Amino acid sequence: MKPVVHIIAMHLAYGGVEKAVCAMANLFIELGYPVKLICTYRMPDAPAYPLDDRVEVTYLLKDIPNRQEFKASIASHNPFKIFKEGLRSVKILYQKKTRVKKAIMSIQDGIIITTRHEDSLVLSEHGAKSVYKIAQLHHDHEFKENFVDGFQHHYQGIDCFCLLTDQLRDEVEQMMREGGNQHTRCVTVPNFVDDYPKTVHWGDDRHGCIAVGRLHPVKGFERMIRLFQAIHEILPDEELTILGDGEQMPVLKELVHSLKLEGCIHLVGAKKADEVAAYMEHAKLYLMTSHSEGLPFVLIEAQSHGLGTVAYDVRVGPRAVIHEGEDGYLIADDDQASFVQKVTEVLASSPECQRLGMKAYVNGQYYTKDNVKKIWQKVLEREV
């Protein structure tokens, strides 16, 4: 009998981390491991992604984060509402911290996998010695002080640390060794596409650009919209569709309205996996203007549907997926003129769009489930 794999996650609503968590849980079931998913919050419409019925899911809190309500209370200037929502926020955060710690301490055998830095710190300090402790980081650490300090001085109890790219792995490993941690093994374990299409279609029905993601400032959708204004002036028939939801939706809608771009930029909200796939299958080019990324799930998905990409070359992330000139182009971060020029050049040439897309489909197969399954199998069996 294989040991139980306990996965600690924030929630199972829409998001790249959440999609990776569900795919990972399903993969472990395929490998014959019993899986228990321990989630802090039970968000509406969760799980947002397919989850094997054999995965046991437990939720630690009944309440969910009240960030939007707290912001609204501040905007109202009502002292009673501010106090009420502020107190609720403190209570939620306290319960989150204490219950995650309690859940981790209650597990005395098997495997625990954490998916966020704050939970990995708890696992390192409070995880039982009899448990195989695996941590993950699903984004770029950006050399921020709290991450560097954690890696150097508070990860000694972690047995294996899984990073999304070789670059992140090498950086974190060096930090750990400089801090005297000789115990933790650092391993590259990328995200993967659960159901990579057997074939890809490219025809005259493909049109416009697409972007998918959480509508959060870090994803850079404001600058994408401004870039597309310049692209639209050169190629007035091209359109941009942005899939996703989040706190910036009102801001982005207002920006599109103020720039008078409602006819060519479409904010269509969050969509289910099959709907996202359909949008990708009918687009010509994928755009990414994030300020920071780990290993962008959406780029891999875009490649699986035959989409080339033009992306800002932020510190990590896109450069781990895109092969310059083969399946996409990397533009120096915030070089707006070069971004506009490259996108217009590609969109103006259907053969170039198709060339990038077909090569993207081939290169993206590195991130298939079968390939990543082999890596996870070695990690779970302590062979790396």
Requested in this report: Among the residues of segment 225-264, write down those that are over 30 Å from M43 (Cβ atoms), touching an Asp or Glu at 6+ places or on another chain (Cβ under 9 Å) and assigned to a loop (DSSP other than H, G, I, E, B).
Outcome: G263, C264
Query - Boolean, V379 is under 25 Å from I234 (Cβ atoms), part of a helix (DSSP H, G or I) and either at pLDDT below 95 or touching a Cys at 6+ places or on another chain (Cβ under 9 Å) (or both) - result: no
**Report entry** Candidate set: segment 204-238, residues that are of a type in the set (G, A, S) and either over 28 Å from R67 (Cβ atoms) or touching a Ser or Thr at 6+ places or on another chain (Cβ under 7 Å) (or both); chosen: the one surrounded by the fewest Cβ atoms within 10 Å (Cβ to Cβ)
**Finding:** A230
Query raised in the report: For segment 75-84, does any single residue satisfy the condition of being in contact with a His (Cβ under 7 Å, 6 or more places away or on another chain) and surrounded by 16 or more Cβ atoms within 10 Å (Cβ to Cβ)?
Result: no
Query raised in the report: For segment 315-325, which residues satisfy the criterion of being in a loop (DSSP other than H, G, I, E, B), free of Cβ contacts under 8 Å to residues at least 40 places away in the same chain and crowded, with 17+ Cβ neighbours inside 10 Å?
Result: I322
**Report entry** Top-ranked residue in segment 168-178 [being touching a helix residue (DSSP H, G or I) at 6+ places or on another chain (Cβ under 7 Å) and crowded, with 17+ Cβ neighbours inside 10 Å; ranked as farthest from P351 (Cα to Cα)]
**Finding:** M176
Query raised in the report: Looking at segment 167-183, is at least one residue part of a helix (DSSP H, G or I), touching a residue at least 40 places away in the same chain (Cβ under 8 Å) and in the same structural domain as I113 (by TED's automatic domain parsing)?
Result: yes
Query raised in the report: Residues C186, C162: which one is surrounded by 21 or more Cβ atoms within 10 Å (Cβ to Cβ) and either in contact with an Asp or Glu (Cβ under 7 Å, 6 or more places away or on another chain) or without any contact (Cβ under 8 Å) to a residue 60 or more places away in the chain (or both)?
Result: C186
Report task. Quick one: count up the residues across segment 12-36 that are surrounded by fewer than 23 Cβ atoms within 10 Å (Cβ to Cβ), outside any helix (DSSP H, G or I) and modelled with pLDDT of 95 or more. Result -> 5
Report task. Answer yes if at least one residue in segment 86-103 is among the small types (G, A, S), touching a residue at least 60 places away in the same chain (Cβ under 8 Å) and either surrounded by fewer than 19 Cβ atoms within 10 Å (Cβ to Cβ) or in contact with a Leu (Cβ under 9 Å, 6 or more places away or on another chain) (or both), and no otherwise. Result -> yes
Report summary line: Selection from segment 106-115 of residues over 21 Å from the mean Cα position of the chain (by Cα) and either closer than 23 Å to D166 by Cα or in a helix (DSSP H, G or I) (or both) yields S106
Query raised in the report: Which pairs have Cβ atoms under 7 Å, sit 6 or more apart or on different chains, and link a residue in segment 116-142 that is within 20 Å of Q167 (Cα to Cα) and assigned to a loop (DSSP other than H, G, I, E, B) to one that is at pLDDT below 95 and among the charged types (D, E, K, R)?
Result: D140/E293; D140/R315; E142/R315
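The values are calculated or read from the model by the stated rules, or taken from the named source; none is laboratory data. Remember, predicted model here, so these are calculated numbers, not experimental data. Virtual Cβ from ideal backbone geometry, glycine too; neighbours counted across all protein chains shown.
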